[in-house]
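Note sheet for the following structure.
The values are calculated or read from the model by the stated rules, or taken from the named source; none is laboratory data. All values derive from a computational prediction rather than experimental measurement. Here the Cβ positions follow ideal geometry from the backbone for every residue, glycine too, while neighbour counts run over all protein chains shown.
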Amino acid sequence: MRIIICIVCLCSSALMYGQSSNNAFDIIKKYQEASSIEDLQSTIRYKNISKKGRVQERSLEQYIFQKDASKNTYNFLLKFVSPADISGTSSLTIQHSSKADDQWLYLPALRRAKKISASKKGDRFMGTEMTYEDLSNYLSEPMEDYNYQLEGEEVVEGNTCFKILATPLPHAKSKYKKRILWIDKATSQQVQAHFFNKKDILQKIFSAKDIRKINGTNIYRAHFIKIENLLTKNRTEVYYEDFVINKGLDKNIFSKSYIETL
Amino acid sequence: MQRILFVIALLCFFVSHSLEGQNWKHYHQNEIQPTYGMYFQSIENANRTIPELSAKYEWEARYKTKFKTFASLNSVLNAHEKQRRRIWFNQAYLAFNKKKFYGKVGKQIIKWGRLTGWSNMDMANVYDYYDFLRTDNEALGVWAIDGKLSLKKWQVQFKVLPFQKSSRLYFENNRWIRLPQNFQGPNDIVFRAKLNEVNRVKPSSSASYGLSLGYENDDIEINFNGFSGVNDIPQRKSQLLAPNLATKVLPYNIELVYHRMNIATMAMTKLLGDYSLWSEVSFVNNQRMEEMGDLVPDNYWGITFGIDRLFIFESPEKQLKLLVQYLKNFTDGQIDYSVNDLDHVLDHSILLDATYQFNYTWKASMRSVLNLTNPSHMMSASLNYKLNDKFRFVCSADFLYGNDQHFFGYYNDNSRVFITMKYHL
């Protein structure tokens, strides 16, 4: 009898686990569909705040183009507009799935785009607390690289959310041991994420606020995000405006010649 | 021309503002910069201080990602130098792109060199040479058509400058161009020299052209560049006029002879990990003036190589940029170039640039140029304090010393210190 009970228990827990995994996968799939883009442009104002309270504030225009949906690769063009000492500087990143990314920096003093060494996954993106890996994951959740598990529901900042544990698969070469994502049930947007480093210590907290529809579309986007590094005590706050999504961005702008000319 | 530019800029400003929306974006920024400089030594007939106020208004309007107009209205008020007091449109251009073609038409700053450091092609850049060492913010706009065609790994670029635009030079009471104070006349009579007028002799063709072919594959970039145009630094000769025996004054004219110059270069850049390595081989077909006032060819080869890197630290506030460059021009060893011949100041030199950002508010930078033929040295250092995004304060100093057969040693009495405030409205 005991053996039968054990078998029933094992089967039911395995079924529950499978259901939770499937649910988690479906939630993440919905989140990925809700957040993925073919192209995007917006204006950004961000603040890097050091642990000593010193602030670096910058404004820029960002242009993003999905190069290859199946490989989760993007082209990024960032054009800084303020403050004056950095105004006119542009950065172009062409991501590749099979080799290192190509990156150029246009500096007004040089009046030419200079190729710079490709950033690694764990490098800070433009000096912020967000790494290139974080940015890629935020633009499109890399479902083929992670295992997902639903850990219940929680309310975050008034939003009822699914709490999902994302564990990287061995081939993913992630800088994190795991991530915990909170996906808003109503909008399928990520409202919070915890990043644990390889030592399983909570390293960063990501939070997204002011989630609303983009004008004239059914696409939701966070207009404010905050990334706090608990180990270094630095944080980055990003404010988004003027989103234009999937309106057919000219792909010729993702070229060295473009950043040298316009 | 300035008035036409002003009307066009004003028109563009109102049109773009009236059309403001998702497709139009415009930005403008103002900068006011008072500077006070002081030389460590006094010299005869030249001011020891540099009190100056400069202001700049920049305006940019863009339609989608298709085209943009940009205008920069500059002004300078110098307490000592009348010629430097002026207001002008330094840039006013239209940039556009159509598929793989990218163009820029109008008054714009052209930097000819394609290296991160100094290139012999940079000899054709046009500056306001009120101060020979402080040219970073003194590049002058020139009328030009600049076109680029981008074909996967290849890039073809052409530039046409239909009119001659020369660098601005200052002849009176300037510490960098020292005119004769006296002339020895017959019977050992010493006459006081008096500049009467400066005449410019222009070449028959004043247009300049540039062509560049670039190839980029993974971490290697190769560029073939050509320039054919007018050397913005003229050769100079004096013409003595009839002396006034009563007052013992000898008036004279200066003739600035502009001549054509051709430069060809092959530049290569290679990324090696976090380091960027670059080199250039160049050939310069220039002219120089002999003692008798005749122009003769001045042809030479040049080679340079350099390395630069940006160091990033654990703290996002800290950054270090380093650049080292070696330059060697293989000139005719028999020729004695004048110490103030700007085209030959860097003939055999090592250049070092370093910038260290301590945090978001403090930054220090240093530039050092060492001449290896006639040992002499220039070192510039500056400390930058950013109070906020509107206010910045810069304290800087330039030190020149060494053999007086070279520019840096010859002008060793021009070592000085500056205090600058930058205010962005």
Is it the case that region B:382-393 has a residue that's modelled with pLDDT of 95 or more and within 30 Å of B:Ser279 (Cβ to Cβ)?
yes
Residue by residue through region A:46-102, note down the ones that are crowded, with 20+ Cβ neighbours inside 10 Å, among the hydrophobic types (A, V, I, L, M, F, W, C) and under 18 Å from B:Trp59 (Cα atoms).
A:Leu60, A:Phe80, A:Val81
So, in region B:307-327, exactly how many residues are in contact with a Ser or Thr (Cβ under 7 Å, 6 or more places away or on another chain) and under 22 Å from B:Ser376 (Cβ atoms)?
4
Pick from region A:106-118 the residues that are in a loop (DSSP other than H, G, I, E, B) and surrounded by 17 or more Cβ atoms within 10 Å (Cβ to Cβ): which of them is farthest from the other protein chains (Cβ to nearest Cβ)?
A:Ala118
Within 30 Å of A:Thr131 (Cα to Cα) and modelled with pLDDT of 95 or more, is that true of B:Ile307?
yes
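Return the residues of region B:43-67 that are touching a helix residue (DSSP H, G or I) at 6+ places or on another chain (Cβ under 9 Å), within 14 Å of another protein chain (Cβ to nearest Cβ) and of a type in the set (D, E, K, R); say none if nothing qualifies.
Residues of region B:43-67 that are touching a helix residue (DSSP H, G or I) at 6+ places or on another chain (Cβ under 9 Å), as a first pass: B:43, B:52, B:59, B:61-63, B:65.
Narrowing the set further to residues that are within 14 Å of another protein chain (Cβ to nearest Cβ) leaves B:59, B:61-63, B:65.
Result: B:Arg62, single match.
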Going residue by residue through region B:175-182, is there one that turns out to be farther than 20 Å from B:Val230 by Cα, in a strand (DSSP E or B) and within 13 Å of chain A (Cβ to nearest Cβ)?
no
Let me confirm something: among B:Tyr102, B:Tyr129, which residue is away from every other protein chain (no Cβ under 14 Å), surrounded by 15 or more Cβ atoms within 10 Å (Cβ to Cβ) and touching a Ser or Thr at 6+ places or on another chain (Cβ under 7 Å)?
B:Tyr129
B:Thr361 passes all but one of the listed conditions (1) touching a Ser or Thr at 6+ places or on another chain (Cβ under 6 Å); (2) within 14 Å of another protein chain (Cβ to nearest Cβ); the exception is number (1)
For region B:30-62, enumerate the residues that are of a type outside the set (A, V, I, L, M, F, W, C), part of a strand (DSSP E or B) and more than 18 Å from B:Val76 (Cβ to Cβ).
B:Tyr39, B:Glu60, B:Arg62
Only one of (1) within 18 Å of the chain's Cα centre (by Cα); (2) more than 9 Å from chain B (Cβ to nearest Cβ); (3) in contact (Cβ under 8 Å) with a residue 12 or more places away in the chain is not met by A:Gln103, so which one is it?
(1)
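Return the only residue of B:Asp343, B:Asp353 being of a type in the set (D, E, K, R), in contact with a Lys or Arg (Cβ under 6 Å, 6 or more places away or on another chain) and either within 14 Å of chain A (Cβ to nearest Cβ) or touching a residue at least 60 places away in the same chain (Cβ under 8 Å) (or both). Show your work before the answer.
Working: B:Asp343 fails: in contact with a Lys or Arg (Cβ under 6 Å, 6 or more places away or on another chain).
On inspection, the qualifying residue turns out to be B:Asp353.
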If B:Thr247 satisfies every condition in (1) assigned by TED's automatic domain parsing to the domain that holds B:Gln157; (2) under 23 Å from A:Lys114 (Cα atoms); (3) of a type in the set (Ser, Thr, Tyr); (4) surrounded by fewer than 17 Cβ atoms within 10 Å (Cβ to Cβ) but one, which is the exception?
(2)
Among the residues of region B:369-402 satisfying the criterion of being of a type in the set (S, T, N, Q), buried (at least 17 other Cβ atoms within 10 Å of the Cβ) and within 30 Å of A:Pro83 (Cβ to Cβ), which is nearest to the other protein chains (Cβ to nearest Cβ)?
B:Asn384
Quick check on region A:159-192: of everything there that is of a type outside the set (A, V, I, L, M) and touching a Cys at 6+ places or on another chain (Cβ under 7 Å), which residue is surrounded by the most Cβ atoms within 10 Å (Cβ to Cβ)?
A:Trp182
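Consider B:Lys107 carefully, then state whether it is within 12 Å of chain A (Cβ to nearest Cβ) and buried (at least 17 other Cβ atoms within 10 Å of the Cβ).
On the way: within 12 Å of chain A (Cβ to nearest Cβ): no; buried (at least 17 other Cβ atoms within 10 Å of the Cβ): yes.
So B:Lys107 does not fit the description; no.
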Let me confirm something: among A:Glu237, A:Glu228, which residue is acidic (Asp, Glu), touching a residue at least 40 places away in the same chain (Cβ under 8 Å) and more than 19 Å from A:Gln41 (Cα to Cα)?
A:Glu228
For a quick check of your reading of the model, give me the residue pairs whose first member lies in region B:274-297 and is within 14 Å of another protein chain (Cβ to nearest Cβ) and in contact (Cβ under 8 Å) with a residue 60 or more places away in the chain, whose second is surrounded by 12 or more Cβ atoms within 10 Å (Cβ to Cβ) and part of a strand (DSSP E or B), with beta-carbon atoms closer than 6 Å and at least 6 apart or on different chains.
B:Ser276/B:Asp308; B:Trp278/B:Thr269; B:Trp278/B:Gly306; B:Glu280/B:Thr265; B:Glu280/B:Ala267; B:Glu280/B:Thr304
Restricted to region A:229-262, and to residues that are within 9 Å of chain B (Cβ to nearest Cβ) and of a type in the set (A, V, I, L, M), which residue is nearest to the chain's Cα centre (by Cα)?
A:Val244
Filter region B:413-422 for residues that are surrounded by fewer than 19 Cβ atoms within 10 Å (Cβ to Cβ) and within 18 Å of B:Glu44 (Cα to Cα); which is nearest to the other protein chains (Cβ to nearest Cβ)?
B:Ser415
So which residues in region B:217-244 are surrounded by 14 or more Cβ atoms within 10 Å (Cβ to Cβ), of a type in the set (Val, Ile, Thr), part of a strand (DSSP E or B) and out of contact with any Pro (no Cβ under 8 Å at 6 or more places or on another chain)?
B:Ile222
Hey, can you tell me all the residues within region B:346-375 that are within 20 Å of the chain's Cα centre (by Cα) and more than 30 Å from B:Phe393 (Cβ to Cβ)?
B:Leu346, B:Asp347, B:His348, B:Ser349, B:Ile350, B:Asn371
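Are any of the residues in region A:213-233 of a type outside the set (Gly, Ala, Ser), surrounded by 16 or more Cβ atoms within 10 Å (Cβ to Cβ) and touching a Leu at 6+ places or on another chain (Cβ under 8 Å)?
Of all residues in region A:213-233, those of a type outside the set (Gly, Ala, Ser) come to A:213-215, A:217-221, A:223-233.
If we keep only those that are surrounded by 16 or more Cβ atoms within 10 Å (Cβ to Cβ) as well, we get A:214, A:219-221, A:223, A:225-229.
Of the ones still in play, those that are also touching a Leu at 6+ places or on another chain (Cβ under 8 Å) are none.
No, every residue in region A:213-233 fails to be of a type outside the set (Gly, Ala, Ser), surrounded by 16 or more Cβ atoms within 10 Å (Cβ to Cβ) and touching a Leu at 6+ places or on another chain (Cβ under 8 Å).
Among the residues that make up region A:125-144, is at least one of them within 12 Å of chain B (Cβ to nearest Cβ), over 24 Å from B:Lys318 (Cβ atoms) and buried (at least 19 other Cβ atoms within 10 Å of the Cβ)?
Restricting attention to region A:125-144, the residues satisfying the condition of being within 12 Å of chain B (Cβ to nearest Cβ) are A:125-131.
Still in the list and also over 24 Å from B:Lys318 (Cβ atoms): none.
No, region A:125-144 has no match at all.
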